[in-house]
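Everything below concerns the one structure shown next.
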Amino acid sequence: MSPKASTRVARGIITFLFIYLATPIVVTMIYSFSTSWVKTILPNGLTLKWYSELVASPEFMAVLLRSFSLGLLTTLIAMACFLPVVFYANVYNPQVKSHLRFITVLPFTIPGIILVTGLIQLYAELPIPKIIILVLAISLLSLPLTYQALDNAFIGRDFRAMFEQALVLGDSPFKAFVKVIIPNIRAGVLVAMLLTFTSAFGEYVLTNLLLGGNFETLKIYMYRLMRSNGQASSVLTTIYFIFLAFISLILILIMQHYSAPHKSTKEGAKK
Amino acid sequence: MQSDFLQIQGLGITLSGNNIIKDMSFKVRRNTLTTFLGPSGSGKTTVLRAIAGLNTEVSGKILLDGEEIQSRSANQRNIGMVFQSYALFPNMSIFDNVAYGLRVQKKSNDVINKEVMAMLQTVSLTNKKDAYPDQLSGGQKQRVAIARAMVLKPKLLLLDEPLSALDAKIRVSLREQIREYQQKLGITMLFVTHDQGEAMAISDDIVVMNEGKVQQQGSPMAIYAQPENVFMAQFIGNHNLLTGTQLQQLGLTTASGQSLVADTHYVVRPELFSPEATPEATAIAGQMTTCSMLGDRVQYHFMSDAKLPLKVELLNHSEPLKIGVPLTLYLDPAAVHPVGPANAE
């Protein structure tokens with residue numbers, strides 16, 4: 001096959017895949033703006049009614065707040081627990097990294113139902129609220145993403161020497177960590193936070209199995225809405241998709257921002 | 001008067017359960033530049049880190065200006081350190097890097113500005129104060145690291161192979177600058193290197209280390225001319241290591257004014273051979289077998305008539321000696337130095 005022909009074939013495959021993936025999203029978006037769309041090629045009319053109804057609904061605001069809180073809390077816990085561990089492993093004990101890599105893959109291999117059953121059996125007798133078990137479990141589930149993003153941030157610089165240098169210059173370990181380590185791994189920390197937040201924000205399996213209707217999050221609400229109101233459900237899907245696209249855009253911008261040469265210099269010049 | 005400013009007494013260091021350093025003792029005089037010299041893996045950096053307070057499992061005593069400091073944390077020792085990798089903070093400008101320690105000490109902005117600028121002037125980097133570490137050359141980064149450590153006026157400044165990542169020309173120029181800063185500011189420095197030329201060039205004293213033990217401490221001249229054991233004779237400079245019996249075969253009867261001992265090793269530096277006779281010298285007949293041009297010197301391999309190969313170095317100021325032609329070299333027995341029993345190698 002000539003190079004031109006192979007390029008054409010490749011373009012054709014990519015275009016097909018793009019259409020295959022984008023069509024349901026586009027159709028859902030159009031459906032969310034339609035007055036009604038049954039047995040016709042195009043919707044009968046366009047309206048913002050479903051959006052205004054959903055945004056005005058106290059139920060929607062409540063689930064949004066719950067999902068946001070869950071995402072925020074999970075992110076904070078994941079950072080507070082894993083950042084010092086990743087710092088220690090990279091700076092003081094690189095041998096432990098092979099064990100950490102193995103542990104971080106475990107959440108991928110354990111199905112949600114088994115994890116929930118195990119957690120309930122383990123903590124059923126203890127006076128721990130299930131919401132705390134849920135937050136900790138989601139933090140653990142996000143470990144593969146959090147660990148990898150944080151671990152990558154420690155590549156390429158002698159962080160041990162920088163940290164020890166700050167100590168020798170008279171700083172305490174905590175302040176040295178905050179002033180010297182954090183600013184130089186901030187890209188990795190931001191990426192890890194966004195990924196953790198997004199995975200917790202959209203979590204469904206654990207929340208549904210562990211708390212069910214007692215703690216309705218955005219995803220659970222979305223599935224409930226799907227059974228009762230198609231348009232409202234498509235509005236929620238559209239909003240959720242835009243939210244994810246926005247997070248992805250931020251991630252791309254962060255990566256571009258910090259991979260630019262002499263980034264720190266440009267930043268410093270603005271000070 | 002120069003007193004023993006830093007005293008290491010019976011130092012032991014354990015890393016990951018292994019005793020890396022056992023019962024080590026040495027002293028550093030006030031306002032001097034002492035070099036810690038040894039082959040890679042000899043434990044130099046480990047000892048330096050213990051003095052800085054960066055190793056946790058340390059036994060023995062570390063006395064700085066008469067005070068025991070071994071139980072103090074790194075941020076309470078008033079010791080500066082320059083790391084091999086410079087360890088500049090990439091998120092801070094050169095000014096902020098140098099000002100870091102002063103800010104930790106909560107000095108006023110006026111004082112910080114004055115002291116940082118003075119230090120940047122000392123290291124000729126005032127024009128780079130707003131630059132960031134990524135914009136500097138290796139030599140400039142190293143000067144920033146030195147300035148950052150010196151601006152705090154530490155009691156002791158530790159330098160861990162600060163020149164190892166630089167090319168040869170910059171290394172020579174920077175080592176001279178470090179010596180100049182040390183003398184100008186009157187700082188006591190402990191400088192780690194594996195480069196003996198570097199150590200010889202800038203030190204008041206040299207502590208030579210091997211396999212976690214101090215082999216010898218003394219001035220560069222004493223370390224070179226009077227090595228105390230076989231390792232020292234072999235590690236410092238070029239050498240001919242010969243037994244008393246071998247020297248007798250060459251025609252010598254004494255060394256350093258004493259009778260030769262058959263089972264003792266003696267060191268003869270290659271540059272101590274001369275093609276010209278002197279009244280005290282012993283004549284050694286033989287011929288040159290190879291010749292290497294070293295620039296200012298010429299290095300030969302000489303095969304004596306007694307079939308003992310010798311390394312010879314002569315200044316490159318005349319025609320090179322001819323290879324394979326019989327000739328006589330002269331060696332003053334006073335220049336032959338005993339270094340210990342033959343089985344100590």
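The values are calculated or read from the model by the stated rules, or taken from the named source; none is laboratory data. Worth saying up front: this structure is predicted, and the values here are computed from it rather than measured. Here the Cβ positions follow ideal geometry from the backbone for every residue, glycine too, while neighbour counts run over all protein chains shown. In case anyone asks, the SASA skips ligands and DNA or RNA and just uses the protein heavy atoms, side chains included. Shrake-Rupley method; radii C 1.70, N 1.55, O 1.52, S 1.80 Å.
Within the stretch B:56-87, being within 14 Å of chain A (Cβ to nearest Cβ) and open to solvent by 20 Å² or more (accessible area, probe 1.4 Å) holds for B:T56, B:E57, B:R72, B:S73, B:N75, B:Q76, B:N78, B:Q84, B:S85, B:Y86.
Quick check, is A:Y147 surrounded by fewer than 20 Cβ atoms within 10 Å (Cβ to Cβ), aromatic (F, W, Y) and more than 14 Å from every other protein chain (Cβ to nearest Cβ)?
Judged against the criteria, A:Y147 is not a match.
Among the residues of the stretch B:113-132, is there at least one that is surrounded by 17 or more Cβ atoms within 10 Å (Cβ to Cβ), more than 10 Å from every other protein chain (Cβ to nearest Cβ), assigned to a loop (DSSP other than H, G, I, E, B) and touching a Leu at 6+ places or on another chain (Cβ under 7 Å)? Within the stretch B:113-132 (the criterion being surrounded by 17 or more Cβ atoms within 10 Å (Cβ to Cβ), more than 10 Å from every other protein chain (Cβ to nearest Cβ), assigned to a loop (DSSP other than H, G, I, E, B) and touching a Leu at 6+ places or on another chain (Cβ under 7 Å)), the answer is yes, since at least one residue qualifies. Applying a threshold of 8 Å to beta carbon distances and a minimum spacing of six or more residues, or different chains, the list of pairs starting in the stretch A:177-192 at a residue that is more than 9 Å from chain B (Cβ to nearest Cβ) and ending at one that is of a type in the set (S, T, Y) reads A:A187/A:Y258; A:A192/A:T146. Inspect the stretch A:125-142 for any residue being within 8 Å of chain B (Cβ to nearest Cβ) and either small (G, A, S) or touching a helix residue (DSSP H, G or I) at 6+ places or on another chain (Cβ under 7 Å) (or both) and give the result as yes or no. No, every residue in the stretch A:125-142 fails to be within 8 Å of chain B (Cβ to nearest Cβ) and either small (G, A, S) or touching a helix residue (DSSP H, G or I) at 6+ places or on another chain (Cβ under 7 Å) (or both). Which one of these is farther than 25 Å from B:Y181 by Cβ and open to solvent by 10 Å² or more (accessible area, probe 1.4 Å): B:I13, B:I20? Of the residues listed, the single one that is farther than 25 Å from B:Y181 by Cβ and open to solvent by 10 Å² or more (accessible area, probe 1.4 Å) is B:I20.
Results for (1) open to solvent by 30 Å² or more (accessible area, probe 1.4 Å); (2) free of Cβ contacts under 8 Å to residues at least 12 places away in the same chain; (3) under 18 Å from A:N152 (Cβ atoms); (4) of a type in the set (K, R), shown as yes or no for each residue.
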{"site": "A:K49", "(1), (2), (3), (4)": "yes, no, no, yes"}
{"site": "A:L54", "(1), (2), (3), (4)": "no, no, no, no"}
{"site": "A:P58", "(1), (2), (3), (4)": "yes, yes, no, no"}
{"site": "A:R66", "(1), (2), (3), (4)": "yes, no, no, yes"}
{"site": "A:S69", "(1), (2), (3), (4)": "yes, yes, no, no"}
{"site": "A:M79", "(1), (2), (3), (4)": "no, no, yes, no"}
{"site": "A:N90", "(1), (2), (3), (4)": "yes, no, yes, no"}
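Consider B:A281 carefully, then state whether it is touching a residue at least 40 places away in the same chain (Cβ under 8 Å), within 29 Å of the chain's Cα centre (by Cα) and not assigned by TED's automatic domain parsing to the domain that holds B:N210. When the stated conditions are applied, B:A281 does not pass them. Restricting the stretch A:154-176 to residues that are open to solvent by 20 Å² or more (accessible area, probe 1.4 Å) and either under 23 Å from the mean Cα position of the chain (by Cα) or farther than 18 Å from B:K106 by Cα (or both), the residue that is farthest from the other protein chains (Cβ to nearest Cβ) is A:I155. The set of residues in the stretch B:65-75 being in contact with a helix residue (DSSP H, G or I) (Cβ under 8 Å, 6 or more places away or on another chain) and outside any loop (DSSP other than H, G, I, E, B) consists of B:A74, B:N75.
When the residues of the stretch B:247-285 are filtered to those that are at pLDDT below 90 and open to solvent by less than 30 Å² (accessible area, probe 1.4 Å), the one that is nearest to B:H301 (Cα to Cα) is B:L252. For A:F108, the conditions (1) farther than 28 Å from A:F215 by Cβ; (2) in the same structural domain as A:G213 (by TED's automatic domain parsing); (3) aromatic (F, W, Y) all hold with the exception of (1). Among the candidates B:K61, B:K141, the residue that is basic (K, R), out of contact with any Lys or Arg (no Cβ under 9 Å at 6 or more places or on another chain) and either within 19 Å of A:F159 (Cα to Cα) or without any contact (Cβ under 8 Å) to a residue 40 or more places away in the chain (or both) is uniquely B:K141.
Restricting attention to the stretch B:328-345 and to residues that are more than 24 Å from the chain's Cα centre (by Cα), open to solvent by 40 Å² or more (accessible area, probe 1.4 Å) and not acidic (D, E), the residue that is farthest from B:L272 (Cα to Cα) turns out to be B:N343. Restricting the stretch A:183-235 to residues that are charged (D, E, K, R) and within 25 Å of A:P58 (Cβ to Cβ) leaves a set whose member that is surrounded by the fewest Cβ atoms within 10 Å (Cβ to Cβ) is A:R227.
Being of a type in the set (S, T, N, Q) and touching a residue at least 12 places away in the same chain (Cβ under 8 Å) holds for only one residue in A:T7, A:T35, A:T15, and it is A:T35.
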